[in-house]
Amino acid sequence: MRHTRLSTTAIATAAAIALAAGPAAAHTTQPRTSSAAARLAREILNTKGISYATAHVEHQDAASLPRQNLLDTANGRPAKTSPWGHAHGARVGLDPRMLNGVLKLRNQYHYTFTISEFVGGRHSPNSAHYKGRVVDVNYINGKHVGKRTGAPYRAFMAACRNLGANLVLGPGDANHDTHVHCQWPTHH
Ligand SMILES: [Zn+2]
């Protein structure tokens, strides 16, 4: 009983301190929520129907896989590029407009899909992948992206454009026979 009483007192004291400190204390304990990218990354991670490739096409690097990119972003840390990519493993921020597009491809357009890369992997030298403005998708509604797989990649690509992407590539475009590339523009 004595133990219970002490614990209760300790909790009450902690609550009183938190209450006295007010909103400022609440803010300092959760600085990450101020970032739109962090909030969106967390929301994507909590959304059923969006899945993630567990390997890169070229080499292994768990730290730059797409789900890890989101986990880092959700934790207020920039996403890691792959060592063999043109950003050589540097960390870059994921663009909130791109993340918002990803979320809406699921919640507004109701696609289920697999993200194959954000900033990881190897792309063209000046690719916007290395700026956090691109999502690559290799499965749509359970079908691998390709011209003869039945994956609705054309409609998915149109949805990306409707959501603000200004460079959208897929089957028929060079190096995009097996995935869709949705890229959002720079701020400037
Ligand atoms: Zn791409």
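Where a number appears in this text, it was derived from the coordinates with a stated rule and is not lab data. Worth saying up front: this structure is predicted, and the values here are computed from it rather than measured. Using ideal geometry, Cβ is built from the backbone for each residue, glycine included, and neighbour counts are taken over all protein chains shown.
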Long-range neighbours under 7 Å by Cβ, at least six apart or interchain, first residue under 12 Å from L94 (Cβ atoms) within region 62-75, second among the aromatic types (F, W, Y): P66/Y52; P66/F118; N69/F118
Residue that is farthest from L99 (Cα to Cα) [pool: residues in region 154-188 that are more than 15 Å from the ligand (Cβ to nearest atom) and surrounded by 17 or more Cβ atoms within 10 Å (Cβ to Cβ)]: A159
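When you scan region 143-153, how many residues do you find that are touching a strand residue (DSSP E or B) at 6+ places or on another chain (Cβ under 9 Å), more than 15 Å from the ligand (Cβ to nearest atom) and not hydrophobic (A, V, I, L, M, F, W, C)? Let's see the steps before the verdict.
Here is the first cut: in region 143-153, the ones touching a strand residue (DSSP E or B) at 6+ places or on another chain (Cβ under 9 Å) are 144-145, 149-153.
Within this subset, residues satisfying the condition of being more than 15 Å from the ligand (Cβ to nearest atom) are 144, 149-152.
Cutting the leftovers down to not hydrophobic (A, V, I, L, M, F, W, C) gives us 144, 149-150, 152.
The qualifying residues number 4.
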Criterion: within 21 Å of L94 (Cα to Cα) and within 10 Å of the ligand (Cβ to nearest atom) - qualifying residue of G132, G121: G121
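Confirm whether V57 is surrounded by fewer than 22 Cβ atoms within 10 Å (Cβ to Cβ) and more than 14 Å from the chain's Cα centre (by Cα).
Numbers: surrounded by fewer than 22 Cβ atoms within 10 Å (Cβ to Cβ): yes; more than 14 Å from the chain's Cα centre (by Cα): yes.
Yes; evaluated as a whole, the condition is true for this residue.
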